[in-house]
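This report refers to the structure that appears directly beneath it.
The values are calculated or read from the model by the stated rules, or taken from the named source; none is laboratory data. Just so we're clear, the structure is a prediction, and the values are computed from it rather than from any experiment. Here Cβ is always computed from backbone atoms with ideal geometry, including for glycine, and neighbour counts include all displayed protein chains. Heavy atoms of the whole protein, side chains included, go into the accessibility calculation; ligands, DNA and RNA do not. Shrake-Rupley method; radii C 1.70, N 1.55, O 1.52, S 1.80 Å.
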Amino acid sequence: MKCRRCRGPAVIDIRRHNAAFCGECFVRHCREQVRRAVDAFEMIAPGERVLMAVSGGKDSLAAWDILLDLGYACDGLYLGLGIEGATAGHVTGDGQQYSKTSGEFARAYAHTRGAHLVEIDLPGDVGFDIPGAAAAVRRAPCGVCGLSKRHLFNRAALDGGYDVVATGHNLDDEAAVLLGNVLRWDGPYLGRQFPVLPATPGFVRKVKPLVRLTEREMAAYCVLRGIDYVVDECPMAAGNRHLAYKDLLNDLELRSPGAKASFLFSFWERGWSHFAADAEGERTELRPCASCGSPTPDEVCAFCRLVQRVG
Ligand code: Q46
Ligand code: ZN
């Protein structure tokens, strides 16, 4: 197996591109894929400040590394979720240290790279952890977690004067979400599934620079670049429907290399625009949350309601 670019010995092959790469050329290839995604979807304009949401996992640390190498002014944001075994039944022995360990990886990367990491600790700064809040409001942990992340990422970006929040969602994540949305033909969700969500009053732009790269490629990238990351999945993800969709898509990809990328990118090229109006139609009058001031259709925003109910 030879590298497509330099003809040296290859270390990774990518069947959907029908190509193999040596370590150095693979790192270049990953940067190129991010550059193409950023350009094609107009994710980041020159001079804008980016806040990269890092979990300590491979995807977000790789994305941060690549954005820095591409020359973007990009700080990291780590949100401590307090997933350390607070609720019996959800968390296994291995998962008890999840948030602690993932925070250490995020800090270690920032330190070696000399990059700035903004930190928010849910238990310390807001007063609850994800397992505890989920139990208190009798909702699935991932629902409570997603709501908290959306709110706090946006707040941190506004407070810090950032133009864009970037997240580490990769091609596998997006294809799995798309499959779920298509199985239900969920118009509003399909209309909102795009690599860029434009800024609206009170909300900064949100972008997904890794949409052209897979999980496997991001793991290889981190190994080749010497980036240490938390290998365990979040213990709350077990039983998550998206994991089943990922397995299905991986089976399909084995039989038909390129099927996953084609499913996702054809949707953005030809399908998405048909649903954009569904997402628009959902938008109602917004007013400032009585508690935090974020735009919301209700008296108090969903996050502040959560804080009130749990507190
Ligand atoms: S961190 Fe949060 Fe994920 Fe863990 S609790 Fe669920 S949503 S699985 S990306
Ligand atoms: Zn090469």
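Here the calculated FRET efficiency for residue 48 and residue 136, from their Cβ-Cβ distance with R0 = 41 Å, stands at 0.60, rounded to the nearest 0.05.
When +1 charges are put on Lys and Arg Cβ atoms and -1 charges on Asp and Glu Cβ atoms, the dipole computed for the chain relative to its Cα centre reaches about 700 debye. With the simple model of a label 7 Å out from the Cα in the direction of the Cβ, residue 251 to residue 291 spans 4.3 nm. A straight chain from residue 70 to residue 1 at 0.36 nm per residue would run longer than the Cα-Cα distance by 22.0 nm. The label-point distance for residue 200 and residue 284, in a model that sets each label 7 Å from Cα toward Cβ, rounds to 1.3 nm. Shown is the FRET efficiency for residue 39 and residue 241, computed with R0 = 35 Å from the Cβ-Cβ distance and rounded to the nearest 0.05: 0.60. The antiparallel fraction among DSSP beta bridges confined to the range 162-309 stands at about 60%. Computed over the range 182-311, relative contact order equals 28 percent, with contacts defined as Cα pairs under 8 Å that lie 6+ residues apart. Restriction of the GluC sites (Glu not before Pro) in the range 1-89 to DSSP coil positions whose beta-carbon has at most 16 other beta-carbons within 10 angstrom yields 42, 48.
Which of the listed residues, 105, 6, 33, is farthest toward the dipole's positive end in the range 1-135, when Lys, Arg count +1 and Asp, Glu count -1 at the beta-carbon? About the Cα centre, the residue reaching furthest to the positive side is 6.
Farthest toward the positive end of the dipole of the range 138-214, out of 148, 169, 188, is the Cα of 148, where the dipole comes from beta carbon charges about the Cα centre. Between residue 274 and residue 111, the contour length at 0.36 nm per residue exceeds the alpha carbon distance by 54.2 nm.
Rolling a 1.4 Å probe over the heavy atoms of the protein chains gives the range 134-263 an accessible area of 47 Å² per residue. Taking amide H atoms as placed 1.01 Å from N in the peptide plane, the amide H of residue 52 lies under 5 Å from those of 75, 76, 77, 166, each 5 or more residues away in sequence or on another chain.
Split the accessible area of the chain by element, probe 1.4 Å, and carbon with sulfur accounts for 51%.
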